[in-house]
Each structure stands twice: as C-alpha cells, then as structure tokens.
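Down below is the structure, laid out as structure tokens.
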Amino acid sequence: MAIKVYNTLSRQIEDFVPMNGNDVKMFVCGQTVYDDAHIGHAKVYINFDVIASWLRKSGFNLKYVQNITDVEDKIIARAAESGTTPEELARHFEERFMEDMSALNVKRNVDAYMRSSDYIDPVRQQIQLLIDNGYAYVLDGDVYYDVARFADYTKLSGMKLDELVRHRIEPKEGKRNQYDFALWKASKPGEPSWSIKLIIGGKEREFSGRPGWHIEDTAMTYSVFGPQYDVHGGALELLFPHHSNEIAQAEAAFGKKPFVKYWMHVGVLTVNGVKMSKSLKNFIRIRDVLEEYDAEVLRLLFSMSHYRKEVDFTPDLLSSSKKQLNDMYSSLSVLSHAAESEESQGVVEKIVKEMSAGFGEAMDYDFNTPEAMSHLISGLNSIKKAIKDGTPITSAEKGAALSSILGMGSVIGIFSRESYKKGLSSEEKDLIAAREKLRKNGDYIQSDRMRDELENRYGISIEDTQYGTVWYHRDLI
Ligand SMILES: [Zn+2]
C-alpha cells in the first residue's frame, strides 16, 4: 500500500509521491542552541525520527538533514547575560543538544546536522538573487525581503495580509511594509559578524553583519538539495512566519514552485494544559526526564498520540507510559522463554501476521502511530495469552515472531533493551519448581506465600495456568 501524508500546504491527505523516483529529501527545522532542549523539542525530533524510520523501512532512499542555528538573536542575548561569547555559548549548548539526541536515539536517522555559520556564502548568493529578482531592498546596513512582491506569501499559513502585522516582531523605521523580514542584519559592536559583498544597482557594496534567521535554512537546503525538495518538517508554531518566509525566499530566488512538495507539522506540547515557559517554571528539560525514565518511555509516550495532535504532558502520562512499556516487555519475555514444541497450528504466527499488517496499514496512513501501537499492544497481549493457554509454538515460529515484533518496535524506537531476554538463576528456578509442587499438593497458603516472596524479593511475577507457571521479571524497563 502506498503512503499517504497530510500536507499543510493543501490541508489534505495526499498520496506520497516524491519528486524524483524513490529518493526522498527531508529537512526538519532543528535547534537554536542557546539553552538546553526541552520535551517539546523531544516530541518534534521523536515524531520525525519515527516518520524517517517508516520511510526507510518502506524502501525509500531517504536523505534527512537538520540545521543547528548557531547565529541568532537569542544566542547573542544569552551570551551577553552569561558573560561568554555567542560562539562559546552555541558550542556548549550544541554539545548538550547532541547528548540529548543520542540519549533519545533520534540521531540514528539524521544524515547530517548542519550549522548555519557554515553557510554564510550560500546566504550571500541567495540574497544577491533576491536583490537581482526585485524581492529585496537595502535599508541602512540591513537587507529586507519585500513581502508585498510575493503573491503566494499567505498560501501556507492561510492568513490574511493584515493579520500578519500582528505577528511581526522586527520593527524598523523605513521598512516598506511592517511584515517585511530581515535577510541580513548589520551587526552591532561585539556581535558575531561576517563581511559579504553584494552588487546593488551595478555597484559592489560591503555588508558587515549576520544572516536573518529564516534564510539560514533555505541557504542550507539549497546547498544540499537544490531549489526543490520533498518534505519540510517542524513544529506547528514555525508555520508562520518561519516556513512562510522560507517559501517566499526560495521560490523568489530560484523561480521554482513548489519549493517543498510536502509540509509536515507536529502538534504543540503543553504541560498540565499550559505552554512551557521559564517564567511559569514548567520548563521540562529532556535530560531531567531521562534522569528518572528510560528514553523508550518518552518515545512510547509521543507515539501513543498522532504526530499532528497536541500532547498535554503530565507526570501521570509518564508513569502510565512506563507501565505500558513494561507490560509490552513482559509479553516479549514470556514469548522469548516459551517452551518450544516440535509442531504447532501456527496460532502465534497468525497473530503476528495480523498485527504486522495492521501496524503497516496504520503507519502508511499519515504515520498513524497510535493506531499502529494499538495493533502492536493487542497483538502482544494475544501472544502472551496464547502462551499461557498452552498454545504450542515451534522454535522457528518463535524466532520469526520475535524478529517481526522487534522490527515494529524499532520503527517506534522501543524494544532495544535486552532485559526481556534475562532468564532465571538456578535458585529462582528451584523456588518456582518448589512452589509448583506445593500447588499440586494443594498447599495454596504456602504457594501463595512463595509467590509473594518471588515478587517482592526477586522481582519475578508469576502467573499460574493449567499448563504450568508463566514467569517474567517484574521491572523490565
Ligand atoms: Zn527552520
């Protein structure tokens, strides 16, 4: 089945057909490195990691890149506050960002993280093209984009031009329109600065300053992808003005439409119903969550809702995701330790086949991870139940089932821990055998006492079936 995707540009579900055969070029707006990354960032990068995994698993030849914004107003302001240089501050937080991304295992699909400071010359070239094509003008030492010249400016956001004025944050005396945005900003003393030469009205002029935020991304993507590419992703709050400005820059500079075929936006994350902010003290860093929870818990949490949906983050959500993940690991443990028989009726094989088909169908339809997870969860429950019911399973059937389930888990980024493989010590085996004997002899008081002991002292959960005892380690994650 072909993949379908919701395109913000058309506001519709569309068939996913890349521009060039099987090749998919994908760019996701990355981090501005002026502080530690928070769980809202984790949602964006985990959602796109799952999307990238599914595209690759579906056979597409994906090239996935992200930017690192290391030149920007927030970095300059924070560096001044903390008495360091913008460059030092940016490198420090970039390093910590990379640690967080490794911990979340989202670097696995990203082919390159590109720093904006490495793309100053492509920025210059693009500004020159915009000047030559009549879309940019000089104001003092700055260069601005002339929004009124670009007819499709509101196409992505669906806003009216007069609404845009309310969103503008770049006040400057002498701009042609309030919503015009900076392509190049003159630097004040002490700020990071590059010198570029632009030809204005046939004359070469030198501009000392730094790129505007929006042009960093289009300069980069032109360098790696050319004037057009397949997927641009990011958080929903970047839709306007950032992504609208990217379209305006690229289409006006290179004269090719569409700049990007599919625009994909990730729903906002709130904490206990409110937007995260430092002043509200509800700013939750990725590294704080990971001190207490395994990264797979966060990955599961963000896959239990659709990437386009808003997620309201609460402590309960973390603990219920942990419990859910642990339950799934316990099913994996029961499956991997199930007694093998010479023959079977293929019951487990059939469950896995249905689970895998349901998972794939859900992922194909706009990367519907909650639906895909419901197939994975109910399939694992059915397998656990089948084994408890004494359903025979052959060694080959077990191997195939495990490999298929781990494959689905890998798309979501779970089941990489090997805890489910852990067996029993000889002491634990003896205790379980002794308890089974007590049960057979009808000594339920003693056998219940031993079950509690196994649970509390050894962390082993026991479930009795008419075919014997099924056990698994209680805390697998
Ligand atoms: Zn961006």
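Quick look at the values:
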item: Any hit, segment 251-260, residues being of a type outside the set (Gly, Ala, Ser), closer than 23 Å to GLU170 by Cα and either in a strand (DSSP E or B) or assigned by TED's automatic domain parsing to the domain that holds GLY21 (or both); result: yes
item: Any hit, segment 50-60, residues being away from the ligand (no atom under 16 Å from the Cβ), of a type outside the set (A, V, I, L, M), touching a strand residue (DSSP E or B) at 6+ places or on another chain (Cβ under 8 Å) and under 27 Å from ALA362 (Cβ atoms); result: yes
item: Residue match in segment 183-201 (condition: touching a residue at least 60 places away in the same chain (Cβ under 8 Å) and within 16 Å of the ligand (Cβ to nearest atom)); result: yes
item: Of the criteria (1) touching a Leu at 6+ places or on another chain (Cβ under 9 Å); (2) crowded, with 17+ Cβ neighbours inside 10 Å; (3) of a type in the set (A, V, I, L, M, F, W, C), which one ALA372 fails; result: (1)
item: Test for HIS232: is it surrounded by 14 or more Cβ atoms within 10 Å (Cβ to Cβ) and closer than 23 Å to ILE131 by Cα; result: no
item: Residue in segment 239-272 that is farthest from the chain's Cα centre (by Cα), counting only those that are surrounded by fewer than 19 Cβ atoms within 10 Å (Cβ to Cβ) and closer than 11 Å to CYS29 by Cβ; result: HIS242
item: Condition met for ALA338 (crowded, with 17+ Cβ neighbours inside 10 Å, hydrophobic (A, V, I, L, M, F, W, C) and either under 16 Å from the mean Cα position of the chain (by Cα) or not in a helix (DSSP H, G or I) (or both)); result: yes
item: Flag if ASP230 is at negative phi, in the same structural domain as GLN126 (by TED's automatic domain parsing), part of a strand (DSSP E or B) and out of contact with any His (no Cβ under 8 Å at 6 or more places or on another chain); result: yes
item: Qualifying residue in segment 130-153 (condition: within 16 Å of the ligand (Cβ to nearest atom) and crowded, with 17+ Cβ neighbours inside 10 Å); result: yes
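Residue-wise test of (1) surrounded by fewer than 21 Cβ atoms within 10 Å (Cβ to Cβ); (2) assigned to a loop (DSSP other than H, G, I, E, B); (3) touching a Gly at 6+ places or on another chain (Cβ under 8 Å).
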| residue | (1), (2), (3) |
| --- | --- |
| ILE387 | no, no, no |
| THR391 | yes, yes, no |
| ALA396 | yes, no, no |
| GLY399 | yes, no, no |
| SER404 | yes, no, no |
| LEU424 | yes, yes, no |
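The values are calculated or read from the model by the stated rules, or taken from the named source; none is laboratory data. Nothing here was measured: the structure is a model prediction, and the numbers come from that model. As a convention, Cβ positions derive from the backbone with ideal geometry for all residues, glycine included, and neighbour counts pool all protein chains shown.
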